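The values are calculated or read from the model by the stated rules, or taken from the named source; none is laboratory data. Only a predicted model underlies this, so the values are computations on that prediction, with no experimental measurement involved. Note: ideal-geometry Cβ built from the backbone for every residue, glycine included; neighbour counts use all protein chains shown.
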Amino acid sequence: MSTASSGASADGAVPVSVVIPCYNAQFTLRRALASVAAQSARVLEVIAVDDASTDGTGALLAALQAEHRAHWLKVIRFERNGGVAAAASQPALLFSTPTTSGTPTRLRSSTR
């Protein structure tokens, strides 16, 4: 299988997406992102889920987005705190195939 079709890089590493649930993480978030960026795995994207933080986490996430390459850090913000379990389970990751078709509500019903 070629690396183009598998999504793997020339060294065989498969790119990964990292989800970081954040609640009042203003003082630890920069270090966590630096750790992810330094990984030997190819990190395709980081999705930070701000679980209705009340400190400066939201502002820091906005600043960090500006510091990193385009689209590497994506931010999802919750209006109400749901706890780390709720934040960690977002966003839902759904798989589809090129031959899959369905109703317009297929994805919505899969995330309930």
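Overview of values
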read-out	value
Qualifying residues in the range 46-76 (those that are among the charged types (D, E, K, R) and exposed (fewer than 15 other Cβ atoms within 10 Å of the Cβ)) - the one modelled with the highest pLDDT	Asp55
Selected residue (criterion: farthest from the chain's Cα centre (by Cα)) from residues of the range 20-35 that are aliphatic (A, V, I, L, M) and surrounded by 16 or more Cβ atoms within 10 Å (Cβ to Cβ)	Ala25
Cβ pairs under 6 Å, 6+ apart, first in the range 67-81 and closer than 16 Å to Asp50 by Cβ, second hydrophobic (A, V, I, L, M, F, W, C) and not in a loop (DSSP other than H, G, I, E, B)	Leu73/Val46; Leu73/Leu64; Lys74/Ile47; Val75/Ala48; Val75/Leu61; Ile76/Val49
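Yes/no per residue for (1) among the basic types (Lys, Arg); (2) under 11 Å from Ile20 (Cβ atoms):
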{"site": "Thr54", "(1), (2)": "no, no"}
{"site": "Ala62", "(1), (2)": "no, no"}
{"site": "Arg69", "(1), (2)": "yes, no"}
{"site": "Lys74", "(1), (2)": "yes, yes"}
{"site": "Phe78", "(1), (2)": "no, no"}
